[in-house]
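Here is the structure we will look at.
The values are calculated or read from the model by the stated rules, or taken from the named source; none is laboratory data. None of these values were measured; they are calculated from a predicted model. Every residue, glycine among them, receives a Cβ derived from its backbone with ideal geometry; neighbour counts consider all protein chains shown.
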Amino acid sequence: MSSSRTPVIAGNWKMHKTIAQAEEYVAGLLPRVADVEGLEVVLCVPYTALQAVVDSTRGSQLAIYAQNMHEAPSGAYTGEISAPMLTELDVHGTLLGHSERRQYFGETDRALQLKVPAALEAGLAPMLCVGETEEQRLAGDTERTLRHQVQEALEKVAVDRLTEVTIAYEPIWAIGTGQVATLEQAQEAIAFVRALVAGFDKDAAQQVRILYGGSVKPENAAELLALPDIDGALVGGASLDPASFAAIIDAARS
Ligand code: 13P
């Protein structure tokens, strides 16, 4: 981690936790993060539990994000959720382009090109996820894939707002598999993503936060977070339990 960028530890619950389970979790997490400083802690919560989690974490260090958002403010898009629906709940931000959205629900780079600026305009912090499949990595296509994803998604973001976007590099082969990227693979890919941001603006590239995601656990968090270009972690499975998520937060503090 670099001392000039505030680190972010984000938990992505995915499709886990009812409102009752979310409230139990928050009650377990809050005392564990009460004295966290110099670090942003984010929870990406299912839509149905957002209101409850925003309310029960008000005044704490936790920022509450959605896991997706439609680019239009309203319209005939059955089943979708818009930025004004999230800001009304005092939600702070949203994940965009998570690989599970891309893989299973047809999320495209073209849609992300509209979603990222729409989130910023609405006052929601976008956390843009990028990452290659195992086939792409084996074929030597990692950089080409990342270039396409980053350039398309950031193309319509005003240069002076680039630093408000957090990027999460999540190699798909490392998600939920226990097969974490090697330190070299993670550092190399994230430095490459930072260089892509420099293609838009050199100063923004030095300030933008880029996280690693994919099988981050309390046992491997510290060594990943020690890498120079990695500004935090996006955690799936290990964020579902307040004790293990707090252990990852502790790794970022030490
Ligand atoms: P895991 O930490 O379960 O591998 O999930 C990573 C992820 O997809 C977070 O968004």
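What to note about this one:
- Among all residues of the stretch 89-96, there is at least one that is over 22 Å from GLU170 (Cα atoms) and of a type in the set (A, V, I, L, M, F, W, C).
- Number of residues in the stretch 149-190 that are touching a Ser or Thr at 6+ places or on another chain (Cβ under 6 Å) and either outside any loop (DSSP other than H, G, I, E, B) or away from the ligand (no atom under 16 Å from the Cβ) (or both): the value is 2.
- Of the residues examined, TYR77 is not one that is under 27 Å from GLU223 (Cβ atoms) and either buried (at least 18 other Cβ atoms within 10 Å of the Cβ) or more than 16 Å from the ligand (Cβ to nearest atom) (or both).
- Listed by first and then second residue, the pairs with beta-carbon distance under 7 Å, at least 6 apart or on different chains, first residue in the stretch 182-209 and over 20 Å from GLU152 (Cα atoms), second of a type in the set (Phe, Trp, Tyr) and surrounded by 15 or more Cβ atoms within 10 Å (Cβ to Cβ), are ALA186/TYR212.
- One residue from GLU143, GLU134, GLU100 being on the phi < 0 side of the Ramachandran plot and under 17 Å from the mean Cα position of the chain (by Cα): GLU100
- The set of residues in the stretch 196-228 that are farther than 21 Å from ASN12 by Cβ and assigned to a loop (DSSP other than H, G, I, E, B) comprises GLY199, PHE200, ASP201, ALA226, PRO228.
- Inter-residue pairs, beta-carbon under 8 Å, first among the hydrophobic types (A, V, I, L, M, F, W, C) and in the stretch 74-100, second within 16 Å of the ligand (Cβ to nearest atom) and assigned to a loop (DSSP other than H, G, I, E, B), 6+ apart: ILE81/ASN68; ILE81/MET69; ALA83/MET69; LEU86/MET69; LEU95/GLN67; LEU95/ASN68; LEU96/ASN68; LEU96/MET69
- Selection status of VAL54, more than 16 Å from the ligand (Cβ to nearest atom) and either charged (D, E, K, R) or buried (at least 23 other Cβ atoms within 10 Å of the Cβ) (or both): no
- Residues of the stretch 83-100 that are within 16 Å of the ligand (Cβ to nearest atom) and either at pLDDT below 95 or among the small types (Gly, Ala, Ser) (or both): GLY93, GLY97, SER99.
- Pairs linking a residue in the stretch 164-180 that is more than 15 Å from GLU135 (Cβ to Cβ) and of a type in the set (D, E, K, R) to a residue that is within 8 Å of the ligand (Cβ to nearest atom) and assigned to a loop (DSSP other than H, G, I, E, B), with Cβ atoms under 7 Å and 6 or more positions apart or on different chains, are GLU170/GLY214.
- Residue identified as exposed (fewer than 15 other Cβ atoms within 10 Å of the Cβ) and closer than 21 Å to ASN68 by Cα among GLY131, GLY178, GLY199, GLY106: GLY106
- Candidates are the residues of the stretch 230-253 that are assigned to a strand (DSSP E or B) and near the ligand (Cβ under 10 Å from one of its atoms); the one that is nearest to GLU184 (Cα to Cα) is ALA233.
- Scan of the stretch 191-229 for residues that are within 15 Å of the ligand (Cβ to nearest atom) and in contact with a Leu (Cβ under 8 Å, 6 or more places away or on another chain), ordered by number: LEU211, TYR212, GLY213, VAL216, LEU224
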